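Where a number appears in this text, it was derived from the coordinates with a stated rule and is not lab data. The shown structure was predicted, so the numbers you read here are calculated from the model rather than taken from an experiment. Backbone-built Cβ (ideal geometry, glycine too); neighbour counts: all protein chains shown.
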Amino acid sequence: MHGTLYLVSVGAGHPDWMTLHALQTIEHCPVIAAPRVGEAMTALRIAEGAAELSGKELLPLDLPMSREMKSHYDRAAKSICKCLENGKDTAFLCLGDASVYASATPIGSRVQKCGFRVETVAGVTSFCAAAAAAGVPIATGDAPVQILPFGCEDFAERLRLSGTKVILKAGHHMETLCDLLEACGLLADAVAVEHCGMPDERICRDLRNGGDFGYFTVVIVPA
């Protein structure tokens, strides 16, 4: 019997945001696969705050942000498949939700193409957690919501559309984003949440004067 790969969402930052389903899946799996960027294993650190991982086989997967992501995904999937071939159910830990701009998607797709079963365990998204922290709504009435990774196709034009804008991956581009938001008359309403749910969480309502922002920053412009 081959093992199953579970794409386990650990939530946006705080261990308390992990679901019972995520905890039960981690408890069930003998192998825990966790992304590693340099020395940081953020998803693993979050999981360790809520789940008992002693006795588990840890499979670190190097996934640095680079132009060689396809090869990193290939290697990660190959390592996971070896565990599944040996009948070991494996939990791949994923920040936020595994279905939203997550490395879990391309890795899970590769594993599935190799003939293995893949299941997704949902979690708290970064933007829902950020909205709660900042006290702003994501969606109200019949207003639409746009989830935009910074620099996506037609990014500037999309900012001018109606509804709430959720902007991801903008931490290192805040000055440019401020210029774009100001041109649309949206800057005054924008709020940024950096490292949501983590010990160094920061909420900023003055993006121009917020200083430097890290990669884990969500910007919300309510409708």
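Taking Pro35, Pro64, Pro106 as the candidate residues, the one with maximal mean-square fluctuation in a Gaussian network model of the chain, Cα springs under 10 Å, is Pro64. Along the axis of the charge dipole computed for the chain (Cβ charges of +1 for Lys and Arg, -1 for Asp and Glu, origin at the Cα centre), the listed residues Ile220, Ile107, His14 are led at the positive end by Ile107.
Decide, for region 1-115, between rounded, prolate and oblate: order the square roots of the alpha carbon gyration tensor eigenvalues as a ≥ b ≥ c, take rounded if a/c falls under 1.5, and otherwise choose prolate if a/b is larger than b/c, else oblate. Note, shape of region 1-115 comes out oblate.
Tell me which GluC sites (Glu not before Pro) from region 74-167 have a DSSP coil assignment and no more than 12 other beta carbons within 10 Å of their own.
On the way: sites: Glu85, Glu119, Glu153, Glu157; in loops: Glu153.
Loop-located and lightly packed - Glu153.
With 24 Å as the limit, the listed pairs Lys82/Lys169; Lys70/Lys165; Lys70/Lys169; Lys56/Lys169; Lys113/Lys165; Lys78/Lys169 have Lys82/Lys169; Lys70/Lys165; Lys56/Lys169; Lys113/Lys165; Lys78/Lys169 beyond it between alpha carbons. Exposed loop sites here mean chymotrypsin sites (Phe, Trp or Tyr not before Pro) with a DSSP loop assignment and at most 16 other beta-carbon atoms within 10 Å; the chain contains its longest site-free run at 102-214. Normalising the average separation of contacting C-alpha pairs (under 8 angstrom, six or more residues apart) by the number of residues puts the relative contact order of the chain at 23 percent.
Do you know the relative contact order of region 4-121, to the nearest whole percent, from alpha carbon pairs under 8 angstrom that are 6+ apart? If you can, show how the numbers build up before the last one.
Working: 220 pairs, mean separation 50.2, N = 118.
Value for region 4-121: 43 percent.
Over the residues of the chain, the helix contribution to mean residue ellipticity at 222 nm works out to -8500 deg cm²/dmol, using -39500 (n - 2.57) for each DSSP H run of at least 4.
Rounded to the nearest 5, what % of DSSP beta bridges with both residues in the chain are antiparallel? Present the calculation step by step, with values, prior to reporting the outcome.
Working: 12 of 36 bridges.
DSSP beta bridges in the chain are roughly 35 percent antiparallel.
Taking every C-alpha pair closer than 8 Å and separated by at least 6 residues, the mean separation divided by the residue count of region 126-221 gives a relative contact order of 32 percent.
Charge dipole (Cα centre; +1 on Lys/Arg Cβ, -1 on Asp/Glu Cβ; no other charges) of the chain amounts to roughly 640 debye. Matching the structure-derived Cα extents along the principal axes in Å against the labelled list (i) 67, 36, 29; (ii) 51, 37, 33; (iii) 58, 36, 32 gives the label (iii).
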